[in-house]
Each structure stands twice: as structure tokens, then as C-alpha cells.
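Please read the structure below before turning to the comments.
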Amino acid sequence: EFQSKSSKPSASSSKATVGSCQEASRKKDTAGVLEDTSVVYVEAFRCPITQQRMLEPMVTPSGHSYDGSAIRKVACERGFSPQTNRKLRVTDLVPNRALADAIQQVSKFQKAAAASSVAAAVAATAGGEQAMPTTPSRKRQ
């Protein structure tokens, strides 16, 4: 529904927005609480607001994706999209499931690759210790 800039929002709509903002600020990101979100291997996974890997990707009506907690905060505090400066409400945000799935798949792949490289390093170290002599051999001249 189109609303002109000169018209004031009704009391009921402002209460709904405030309630949505308060609810949004209470939401916690549960996925990846202990993950290091500063490491981003795919640039599309980086939130333009936080510069961290997105934990809960949300998409705006203009098609830009942000981390959910960051864009909810911007929508509540500023009321405008950071990239388009168009009016933005918390209720306009939609989960970006495709991006969330892609982030999750890459994350699983990275964890599996890290685990296999750690296992290989442990095996190589264990094998190397068994092959090493207990005392170094020296050549006498």
C-alpha cells in the first residue's frame, strides 16, 4: 500500500512498528553462536552493515541481503534501507532461505575439510614420531 511522505502514520500503525522493533531486538541468532563470523570465504555471505558473515540472512524489498539482527536494528532506528534510502520496516524483511542454505553448505564443507586436514596432520605427526630414532646418529670424523 502506497503512503505519501506528507501523511502521518496512524497511532495504531506506529504502535505496531514499535512492537515489531522491540520484538526484533529481543531475537537472538542461534545458528553459529560460537562460530568466527569474521572469516568470510564467499563475499556474497558478508553483511554490508556488519562486515561479518551472515548468520540469519534477510532480504529487503529492493533485493539486498543483510544479517537479520543488523537490518532489523537499522529498520527500527532509521526506518530506511542503508543502500537505497527507501522506507523500510521490520515487517518488510523476509528470510533469504537460498542464501542461508548456501552459507550452511559452505560452512559444513569448510568444517569437514578442516577436520580432515587436522586428522591428516595428526596421522603424519604420529607416523613421523614412530619413524624417528630415539637418539640422533652422528658421523664421526
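The values are calculated or read from the model by the stated rules, or taken from the named source; none is laboratory data. For clarity, every value in this text was computed on a predicted model and none was experimentally measured. Backbone-built Cβ (ideal geometry, glycine too); neighbour counts: all protein chains shown. Please note that ligands, DNA and RNA were not included when accessible areas were found on the heavy atoms of the full protein model with its side chains. Shrake-Rupley method; radii C 1.70, N 1.55, O 1.52, S 1.80 Å.
Working from the Cα coordinates of the stretch 56-98, the gyration tensor eigenvalues give, after taking √(5λ), semi-axes of 15, 11, 8 Å in decreasing order.
Computed over protein heavy atoms with a 1.4 Å probe, the accessible surface of the stretch 56-98 works out to 54 Å² per residue. Take the Cα of Ala124, step 7 Å toward its Cβ, do the same at Lys111, and the gap between the two points is 2.5 nm.
In sequence order, the stretch 69-77 has phi-based couplings of 5, 6, 6, 5, 5, 5, 4, 6, 7 Hz under the Karplus curve 6.51 cos²θ - 1.76 cosθ + 1.60, θ = phi - 60°, and Gly or Pro positions carry x. Close amide-amide hydrogen proximity is noted between Phe80 and Leu88, each under 5 Å apart and 5 or more residues distant or on a separate chain (H modeled in the peptide plane; Pro and chain starts excluded).
Stretching the chain fully between Glu43 and Glu77 yields a gain of 9.6 nm (0.36 nm per residue, less the alpha carbon separation). Ranked by the mean number of other Cβ atoms within 10 Å per residue, highest first, peptides 45-51, 94-100, 65-71 order as 65-71, 45-51, 94-100. Peptides 86-93, 54-61 ordered by packing proxy, namely the average of other Cβ atoms within 10 Å per residue, highest first: 54-61, 86-93.
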